[in-house]
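Shown next, in structure tokens, is the structure this report addresses.
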DNA sequence: AGCGCGACCTAA
DNA sequence: TAAGTTAGGTCGCGCT
């Protein structure tokens, strides 16, 4: 189209990007595909019963529809009943097939009522009313369609030339060879700005959209081919981007929607577009009555809709939000991707950009955005630039994290549509694979009622042998025999158990009498450690072992292919696939134990963990009986940590390998114990908590500090605590300098108590996991979220958000949850930080846990928490810190702090030093000004403009906090200077 | 003060 | 309607 330079020629390739969750009506129409499920036929059923049953079902469905809302009614609900002979995957029937009825219906939404009616019982002709248990009635329609068509997610589909009005079956290509790569998908990233009212989060009912930036990129290309900003009112030109200005908001919206249809992206991305930008635009367009706006999808006549959605899983917690449908396009919200894929302290675009791209971005408060809009073409240019950057960043993140390739490969490996990976949980991926495997073996998946049963026993964690630690090494003069630590791991233990015992899905739960009926002898089944009986793989291979086997076999193939492949793009795809295969294999065990799940099988979960417990126990015994000098000091699930008395890392590795090999000989192949790494030194705090200097593979390469479960790797403390623990561990373990570690800790503690720690280091974040009323006891972050909600409901943290807070000083004995405060608010209001809280509740215990094994109990306490460094230098805090607000009310002498009866600077006693004191305060001003200007220009660089004001107030940027603090100190200092009046000398 | 329990987050 | 598992440490609250 004209006006958009760099527009690529239309691709000759027709793309079908998997099946999006929204596009099924198209598939239904084109493919002539209709959903179906099965029910188990009652005894005595036959061909003759199908016709009356069909009539009965059709009539029952019609009756239901009459009561409900009169949506589109197909001429026929039931598309036919067929008798089939199959087996269920659940239970072992000795190969005997049962009679099922395949029930075809005309629309996906008829599956549920049809299933319910049949399950409850309909009249089967002369057999009377019979209940019929359903099979495969809970399979998502898209999964059903793709399984039947042999398509996986994101695979290439070849269409006959000359149009595709009338097809037979779709021709999908396995994503290999020539069909390995990704198509040149078009990505569109966008961001909007709204002119909110002061202090209130923008609302589509009132606040206008003033700018929309859009950046389009072709997958694989380095640079976007299109950068456009749509602005309300004039905007000065931008370099490298097209500016489209409109006088009315209606035109702006209309034009943007038109633009989306022209660009016709396969993937729409952005940051928080699901919950903010997209719903905002659509609701705003509704308010302004822009009728043509919501047709943002690819299906003609089907508008995008805003729906409320709630998602809950144990993994991701409960999340509520909005979903915007956009048929035919994948909406890839980078925020959702990051929430699922990465555990971070903060998910603001700001924090995320800093973390992954090592670059800060401005964060302009809403109020100022409105001011910029109300300025002139130049201020609006600034706004446009800001907006453009926010549209750009998600694309950069997408590229850096290889999000698209990763998702595409996951969709291919697990055979689900790409959109499922962003909106659904883990189970659906296993179900999709299971269904395909079952279809190959002519087996059916039952619909199991998930009833919350009792929990099952999990893995063993070996009680750690504490009291041994780095001090063994540090106190030993070099050259002496020192303890080395070696980790031995059963790699992929649960995979092997699942695959090689064939536990899925044939279970014998019957009596000996029944075995003889099935002609099974004792050699035909195994009894697992938890007492469940399964037929051996020789009798019948389970369905899931096959799925798992397939994943593992594919993984070996990919490994081999990677060794050969040179092309970087194909390598990237293969890397992505390798990861996807591993992740999928790992989620299989969890699936079987998902009690609130689709197809749980606790017998299997129990048996797997049972085998695991047996194996770790046996491993420990074997090691210690054969090698008296090797001591198993710890172990978790599938690994044992051994203490070896050898003098070097290579020798520790060699011994580790020897032990592993010897132990492996005592397990049935392919279960193997493998040597993994050497730790030196190693600090074992407790179960699931340790740190060590890790020589991976026992190599002489650069060792890495490995930290498990300690505060250093947890997100529910303040960065100060995490950083301090890390720093101390580095000094102790890497530099072998415990004294240096102590000194550093003392210094930080002193800094904290003297208010020299930047507030960004003190921000604690915790996830809001439920509604405030659902908590049984008050919590700091919950209480703050509630207070924020009262201040401004629009911008308050929602369910699933992480709430950042600091603890400020309060009355004596006031609980912490009443003293939690928004860090920016605390800074702006000069609220005093409760540094004692941070020392006593955030730093002391984690530090003691690390130092006690090294210094001894009493000494650690004395050295860290009772030294001179814990004495607060009040002089400094009273002046520049939180108390400065009070000092101006009742003046005290700047020289000796004595209270003054007047508002001057010094008391009579200090009068003769006044000049000297004045000079000191002036130089303090000079220092503050210097730091301020340094920070200011740093912020200017970040906003890539050295000529303009800094507007940023990012609560995720330490520079911001420092800049504001210095600014406040400077103001206070100037105020103080004023008290000297005009000097007389 | 000590204990039980809920909440959070992590290891595997 | 859909939602991977259990084991484990630590901290704050509220009760005794």
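The values are calculated or read from the model by the stated rules, or taken from the named source; none is laboratory data. The model shown is predicted, which means the values in this text are computed figures rather than measured ones. Quick reminder, even Gly has a Cβ in these numbers, built from the backbone with ideal geometry, and neighbours come from all protein chains shown.
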When the stretch A:779-819 is examined, which residues are found to be free of Cβ contacts under 8 Å to residues at least 40 places away in the same chain, within 13 Å of DNA strand C (Cβ to nearest atom) and either part of a loop (DSSP other than H, G, I, E, B) or in contact with a helix residue (DSSP H, G or I) (Cβ under 6 Å, 6 or more places away or on another chain) (or both)? A:779, A:782, A:783, A:810, A:813, A:814, A:815, A:816, A:817, A:819
Return the only residue of A:364, A:337, A:352 being more than 16 Å from DNA strand C (Cβ to nearest atom), part of a helix (DSSP H, G or I) and under 29 Å from residue A:953 (Cβ atoms). A:352
Residue under evaluation residue A:780, criteria (1) more than 29 Å from residue A:956 (Cα to Cα); (2) in contact with a strand residue (DSSP E or B) (Cβ under 8 Å, 6 or more places away or on another chain), criterion not met: (1)
Out of A:783, A:777, A:743, A:772, report the one residue that is within 24 Å of the chain's Cα centre (by Cα) and over 19 Å from residue A:711 (Cβ atoms). A:772
Is it the case, given these coordinates, that residue A:878 is modelled with pLDDT of 80 or more and buried (at least 16 other Cβ atoms within 10 Å of the Cβ)? no
Residue hits (the stretch A:502-550; modelled with pLDDT under 70 and closer than 19 Å to residue A:601 by Cβ) are A:504, A:505, A:506, A:507, A:508, A:509, A:510
Within the stretch A:299-324, track down each residue that is away from DNA strand C (no atom under 16 Å from the Cβ) and within 27 Å of residue A:193 (Cβ to Cβ). A:303, A:304, A:305, A:306, A:324
Can you find a residue in the stretch A:722-737 that is within 15 Å of DNA strand B (Cβ to nearest atom), surrounded by fewer than 17 Cβ atoms within 10 Å (Cβ to Cβ) and farther than 30 Å from residue A:313 by Cβ? yes
Of all residues in the stretch A:726-735, count the ones that are closer than 13 Å to residue A:846 by Cα and touching a strand residue (DSSP E or B) at 6+ places or on another chain (Cβ under 8 Å). 2
Candidate set: the stretch A:443-457, residues that are part of a loop (DSSP other than H, G, I, E, B) and surrounded by 12 or more Cβ atoms within 10 Å (Cβ to Cβ); chosen: the one farthest from DNA strand C (Cβ to nearest atom): A:445
So, in the stretch A:458-494, of the ones that are within 12 Å of DNA strand C (Cβ to nearest atom) and out of contact with any helix residue (DSSP H, G or I) (no Cβ under 6 Å at 6 or more places or on another chain), which residue ends up modelled with the lowest pLDDT? A:466
Test: residue in the stretch A:288-297 that is within 23 Å of residue A:421 (Cβ to Cβ) and at pLDDT below 95: yes
Suppose we keep only residues that are farther than 17 Å from residue A:483 by Cα and either not assigned by the TED database to the domain that holds residue A:644 or not in a loop (DSSP other than H, G, I, E, B) (or both) within the stretch A:686-695. Which one would you say is nearest to DNA strand B (Cβ to nearest atom)? A:689
Among A:609, A:619, which is the only one that is surrounded by 18 or more Cβ atoms within 10 Å (Cβ to Cβ), at pLDDT 95 or above and closer than 26 Å to residue A:652 by Cα? A:619
Determine which member of the set A:267, A:290, A:263 is surrounded by fewer than 22 Cβ atoms within 10 Å (Cβ to Cβ), closer than 17 Å to residue A:215 by Cβ and in contact with a helix residue (DSSP H, G or I) (Cβ under 9 Å, 6 or more places away or on another chain). A:267
If we ask which residues in the stretch A:225-254 are in contact (Cβ under 8 Å) with a residue 60 or more places away in the chain and in a loop (DSSP other than H, G, I, E, B), their number turns out to be 6
Reported set for the stretch A:420-458 where residues are within 16 Å of DNA strand B (Cβ to nearest atom) and either under 28 Å from residue A:120 (Cα atoms) or in the same structural domain as residue A:607 (by the TED database) (or both) is A:427, A:455, A:456, A:457, A:458
Residue check for residue A:413: on the phi < 0 side of the Ramachandran plot, within 13 Å of DNA strand C (Cβ to nearest atom), part of a helix (DSSP H, G or I) and surrounded by 18 or more Cβ atoms within 10 Å (Cβ to Cβ): no
Apart from one, (1) modelled with pLDDT of 95 or more; (2) over 16 Å from residue A:832 (Cα atoms); (3) touching a strand residue (DSSP E or B) at 6+ places or on another chain (Cβ under 7 Å); (4) not in a loop (DSSP other than H, G, I, E, B) all hold for residue A:716; the odd one out is (4)
Within the stretch A:273-285, is there a residue that is within 16 Å of DNA strand C (Cβ to nearest atom) and in contact with a helix residue (DSSP H, G or I) (Cβ under 7 Å, 6 or more places away or on another chain)? no
Give the stretch A:820-833 a look and list any residue that's within 16 Å of DNA strand C (Cβ to nearest atom) and either within 19 Å of residue A:768 (Cα to Cα) or assigned by the TED database to the domain that holds residue A:969 (or both), or say none. A:820, A:821
Might you check whether a residue that is free of Cβ contacts under 8 Å to residues at least 24 places away in the same chain, more than 16 Å from DNA strand C (Cβ to nearest atom) and in a loop (DSSP other than H, G, I, E, B) occurs anywhere in the stretch A:768-775? no
Here are some conditions: (1) buried (at least 21 other Cβ atoms within 10 Å of the Cβ); (2) away from DNA strand B (no atom under 16 Å from the Cβ). Residue A:743 meets all but one. Which one does it not meet? (1)
Among the candidates A:703, A:681, single out the residue that is buried (at least 18 other Cβ atoms within 10 Å of the Cβ), free of Cβ contacts under 8 Å to residues at least 40 places away in the same chain and more than 13 Å from DNA strand B (Cβ to nearest atom). A:703
Checked against (1) in contact (Cβ under 8 Å) with a residue 24 or more places away in the chain; (2) within 23 Å of the chain's Cα centre (by Cα); (3) farther than 27 Å from residue A:756 by Cβ, residue A:708 satisfies every condition except (1)
